[in-house]
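The values are calculated or read from the model by the stated rules, or taken from the named source; none is laboratory data. Since this is a predicted model, take the numbers as computed values, not measurements. Note that we place each Cβ from the backbone using ideal geometry, even for glycine, and neighbour counts take in every protein chain shown.
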Amino acid sequence: SDYSLDPPRHPSLSVNSKEPYNAEPRRSDLVSSYITPVHFFYKRNHGPVPLVDDIHCYHVTVDGLIDFPRKLFMTDIRMLPKYTVAATLQCAGNRRTTMSKVRTVRGVGWDISALGNAVWGGAKLADVLELVGIPKLTSSTRLGGMHVEFVSIDKCKEEKGGPYKSSIPLSQATNPDADVLLAYEMNGEVLNRDHGYPLRVVVPGVIGARSVKWLDSISINSEACQGFFMQKDYKMFPPTVNWDNIDWSTRRPQMDFPVQCAICSLEDVNTVQPGKVKVSGYAASGGGRGIERVDISIDGGKTWVEAKRHQKPGIEYVADGFDSDKWAWVLFEADVDIPHNTEIVAKAVDIAGNVQPENVETIWNLRGILNTSWHRVQVNVSH
Ligand code: MTE
Ligand code: MO
């Protein structure tokens with residue numbers, strides 16, 4: 001089959017779909033380091049992984065509303081200044097399985113590990129666009145309403161056998177501070193095939209769906225990408241919308257992800273010895289908003305204690321601090337005393353004061369995206 005050329009993967013990943021390959025690491029593996037090793041980084045594919053075997057011929061076509069369309073080869077991209085950006089990529093479908101328990105949703109089921117935190121290395125999209133004559137964003141540039149579309153070389157059934165594609169606003173693409181990359185490295189190694197070899201887009205702070213892998217072309221357009229994943233998927237609908245009354249045109253494509261956190265040191269249901277229990281996990285927000293606080297409750301949400309947060313080992317995390325990675329997750333940890341059977345809950349607050357919603361029911365949506373409800377785990381004490 002088409003999938004016979006897919007690359008090998010780590011055997012400990014839990015596979016949510018084989019073809020296309022969709023898999024996530026165990027909870028404990030996810031937070032065993034601040035930087036997620038490539039082999040533990042979730043893989044989200046919509047078709048077979050393309051094989052680019054001639055790197056010298058490989059190029060990205062840049063066209064659309066520009067005067068001089070051109071082909072950029074890897075040598076052209078590598079000639080631009082190289083940036084490394086620590087950024088968390090999170091699938092909009094992360095934690096979908098829990099949402100599905102309220103009422104069935106459509107989409108691949110994911111536990112809490114459809115995200116990862118990597119150091120991406122590559123050229124800034126703003127520099128690439130400057131090569132084709134589009135100036136960097138300044139207060140005087142007028143880019144309102146324009147978009148940059150990314151098209152892949154893969155093939156997926158949602159696009160009727162065509163390539164995966166999506167777009168971002170040109171104002172974000174040309175803003176050097178938005179750190180949008182055309183990445184050829186992940187954690188200091190050449191990008192591997194599952195994650196987009198030889199070149200992928202990384203849009204920090206935005207749902208993973210916009211970070212197109214296996215880039216084939218970039219085009220500057222007057223409207224947003226009209227492809228499936230922008231227009232018929234990855235939109236947030238209210239709980240009243242169902243498959244009979246849905247009107248896709250009423251909603252915007254989801255971009256920034258909301259504030260999120262989850263406990264990774266415990267499973268949904270746990271048996272523990274009486275005494276101290278370690279509660280650790282990740283917290284992240286979109287749009288470059290740092291994490292202000294992570295609250296832990298050991299009585300189902302009646303009372304709370306604040307968890308410790310860090311990015312760099314041994315350095316206490318301060319949102320917006322000199323040492324902080326603004327696009328990256330924060331790991332948290334708290335030691336709590338568990339005297340009897342109870343529910344442990346975690347919720348995060350970002351620097352804009354956004355808080356995770358208490359219940360999944362209130363944010364239920366038919367595609368099962370953006371489940372950011374308080375994360376709850378059951379602990380039973382064995383005596
Ligand atoms: N790009 C292409 N070409 N094809 C895809 O299927 N999946 C998207 C995005 N980019 C996808 C893609 C989705 S939905 C997510 S969440 C991320 O890639 C996953 O990136 P990863 O597999 O590197 O973790
Ligand atoms: Mo995704």
Would you mind stating whether Ser28 is in contact (Cβ under 8 Å) with a residue 60 or more places away in the chain, surrounded by fewer than 14 Cβ atoms within 10 Å (Cβ to Cβ) and polar (S, T, N, Q)?
yes
Region 10-25 - residue that is in contact (Cβ under 8 Å) with a residue 24 or more places away in the chain and out of contact with any helix residue (DSSP H, G or I) (no Cβ under 7 Å at 6 or more places or on another chain) and, of those, surrounded by the most Cβ atoms within 10 Å (Cβ to Cβ)
Glu24
Mind listing whichever residues of region 172-194 are at positive phi and of a type in the set (D, E, K, R)?
Asp179
Tally up the residues in region 191-213 that are more than 8 Å from ligand 1 (Cβ to nearest atom) and touching a Pro at 6+ places or on another chain (Cβ under 8 Å), please.
3
Sort out which residues of region 222-240 are aliphatic (A, V, I, L, M) and surrounded by fewer than 19 Cβ atoms within 10 Å (Cβ to Cβ), and write them in order of number.
Met236
The residue that is surrounded by the fewest Cβ atoms within 10 Å (Cβ to Cβ), considering only those in region 289-322 that are within 30 Å of Asn341 (Cβ to Cβ) and among the basic types (Lys, Arg), is Lys302
Taking the residues in region 66-107 that are touching a Lys or Arg at 6+ places or on another chain (Cβ under 7 Å) and within 16 Å of ligand 2 (Cβ to nearest atom) as candidates, determine which candidate is nearest to Val203 (Cα to Cα).
Cys91
Could you please find all residues in region 30-41 being in contact with a Phe, Trp or Tyr (Cβ under 8 Å, 6 or more places away or on another chain) and within 24 Å of Gly107 (Cα to Cα)?
Leu30
Between Pro37, Pro48, which is within 16 Å of ligand 1 (Cβ to nearest atom) and touching a Leu at 6+ places or on another chain (Cβ under 7 Å)?
Pro48
Filter region 233-252 for residues that are part of a loop (DSSP other than H, G, I, E, B) and among the hydroxyl-bearing types (Ser, Thr, Tyr); which is farthest from ligand 1 (Cβ to nearest atom)?
Thr240
Among strands (runs of 3 or more DSSP E) entirely inside region 1-115, those with 2 or more residues being out of contact with any His (no Cβ under 7 Å at 6 or more places or on another chain) and modelled with pLDDT of 95 or more are 14-17, 22-24, 59-64, 83-90
When (1) within 17 Å of the chain's Cα centre (by Cα); (2) crowded, with 24+ Cβ neighbours inside 10 Å are applied to Pro204, the one that fails is (2)
Taking Gly122, is it assigned to a loop (DSSP other than H, G, I, E, B) and in the same structural domain as Asn187 (by TED's automatic domain parsing)?
no
